[in-house]
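A short worksheet on the structure shown next.
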Amino acid sequence: MKVVIPVAGVGTRLRPHTYSMPKPLLHVAGRPIVAHLLDPVVKLNPEEVIFVTGFRGPQIERYVRENFTFKAKFVRQDELLGLGYALNLAIANLDHGELLVVLGDTIVDCDLSKFVAAGDYVLGVRKVEDPRRFGIADIKDGRVTRLEEKPAEPTSDMAIIGLYYFRDLAQLKDALDTHIRSGKKTRGEIQFTDALQHMIQQGISFVPYEVDGWYDCGKRETLLSTNKHLVATIDQRPEKPGVVVVPPVYIHPDSIVESSVIGPNVSISAGSEVRRSIIRNSIIGANTTVENMVLTDSLVGHDANLLGTVQTVNVGDSSEISGE
Ligand code: G1P
């Protein structure tokens with residue numbers, strides 16, 4: 001089986017982090033997003049993983065080649081014309097065979113071997129509160145009957161989560177070709193969802209597969225809640241003298257933490273040093289120094305220096321000093 005992972009986006013909603021680092025390499029629970037995404041993919045023992053890269057693609061390629069042993073191919077997407085366009089580039093040289101598509105910023109709790117065994121064409125879905133932000137799937141009698149990308153008036157609350165399986169990719173290739181040649185765009189882009197809807201109209205039947213957990217990494221708040229979930233699954237209980245750990249947390253063994261209160265929901269990546277600080281609900285990237293800081297709900301990148309101040313005061317009775 002081949003796996004396609006499109007990761008060409010610029011990650012606008014995660015600026016300033018994505019000015020220097022492509023989104024898939026931002027850390028969550030001590031590792032890059034793409035590492036979490038690849039964990040279940042690796043278990044499938046894929047024949048080849050094809051990454052569609054654009055923005056800061058070489059950084060992604062270097063990370064994957066240094067940390068994974070599967071056969072990897074990197075296809076460059078220069079024009080950000082939409083997911084349908086990206087997928088078309090990825091499979092341009094393939095004619096037949098099994099294909100799994102995993103969108104690049106979504107971490108799922110899902111046994112992918114069960115996912116691919118669910119049918120010939122399988123679509124990952126999950127019930128959501130606001131379907132207008134997603135592609136949605138109408139489902140009837142255990143089959144997907146219609147797909148629509150980010151509709152203003154959704155007819156279903158089942159969102160497309162970004163996991164797609166094709167027992168044979170030939171029909172998909174035809175559908176993408178036809179769709180791209182038609183010139184049709186939705187919301188200004190060549191949508192993958194539109195090509196899949198074309199397949200449904202041609203009589204292809206997709207099995208909907210509801211995943212247990214779906215953890216978005218698209219913006220700061222969702223990255224922090226994904227971190228919260230993942231550190232709880234790691235459930236590491238580090239013991240460090242002089243440090244109060246409030247679980248769940250993940251503190252990389254190659255980091256230094258001293259005289260601090262860490263947690264809950266904190267991850268500290270390799271090479272970082274934290275001293276005299278209180279940190280909760282935050283992500284601290286790699287090789288970063290945090291001293292004399294009180295942080296909450298914070299996203300700190302790699303190689304940063306956060307050095308707070310220690311005050312000396314000589315304050316008399318009935319005085320007030322407030323940081324609010
Ligand atoms: C893409 C897909 C959409 C899907 C979503 C899941 O949209 O086009 O159908 O629901 O991923 O995250 P994007 O988030 O890239 O706008």
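Can you tell me the dipole magnitude for the chain around its Cα centre, using point charges on the Cβ only (Lys, Arg +1; Asp, Glu -1), in Debye to the nearest 20?
Numbers: 35 positive and 41 negative charges, 99 e Å.
Using only the charged Cβ atoms, the result is roughly 480 debye.
Here is the P(r) of segment 254-324: all C-alpha pair distances, binned every 10 Å from 0, give 20, 49, 18, 11, 2 in whole percents.
Shape verdict for segment 36-110, please, from the Cα gyration tensor: rounded (a/c under 1.5), prolate (a/b greater than b/c) or oblate. Rounded is the answer for segment 36-110, as its axis ratio a/c remains below 1.5. Close amide H contacts of Gly271 (hydrogens built in the peptide plane, cut-off under 5 Å, sequence separation of 5 or more or a different chain): Asp254, Ser255, Asn287. Among the listed pairs Lys114/Lys150; Lys73/Lys240; Lys173/Lys228; Lys114/Lys184; Lys71/Lys185, those whose Cα-Cα separation exceeds 31 Å are Lys73/Lys240; Lys173/Lys228; Lys114/Lys184; Lys71/Lys185. Taking Ser20, Ser255, Ser182 in turn, the Gaussian network model of the chain (Cα-Cα springs below 10 Å) assigns the largest fluctuation to Ser182. The charge dipole of segment 1-160, taken about the Cα centre with unit charges on the Cβ atoms of Lys, Arg (+1) and Asp, Glu (-1), comes to about 480 debye, rounded to the nearest 20. Its alpha carbons give the chain an Rg and a Dmax of 22.3, 81 Å. Close amide H contacts of Glu210 (hydrogens built in the peptide plane, cut-off under 5 Å, sequence separation of 5 or more or a different chain): Val125. Tell me whether segment 1-138 comes out rounded, prolate or oblate; compute the Cα gyration tensor, take square roots of the eigenvalues as a ≥ b ≥ c, and use a/c under 1.5 as the rounded threshold. Because its axes are fairly even, with a/c under 1.5, segment 1-138 counts as rounded.
The numbers here are math on the coordinates, done by the rules we state, and not lab data. Please read these numbers as outputs of a predicted model, since none were measured by experiment. Ideal geometry is used to build each Cβ from the backbone, glycine not excepted, and the neighbour counts take in all protein chains shown.
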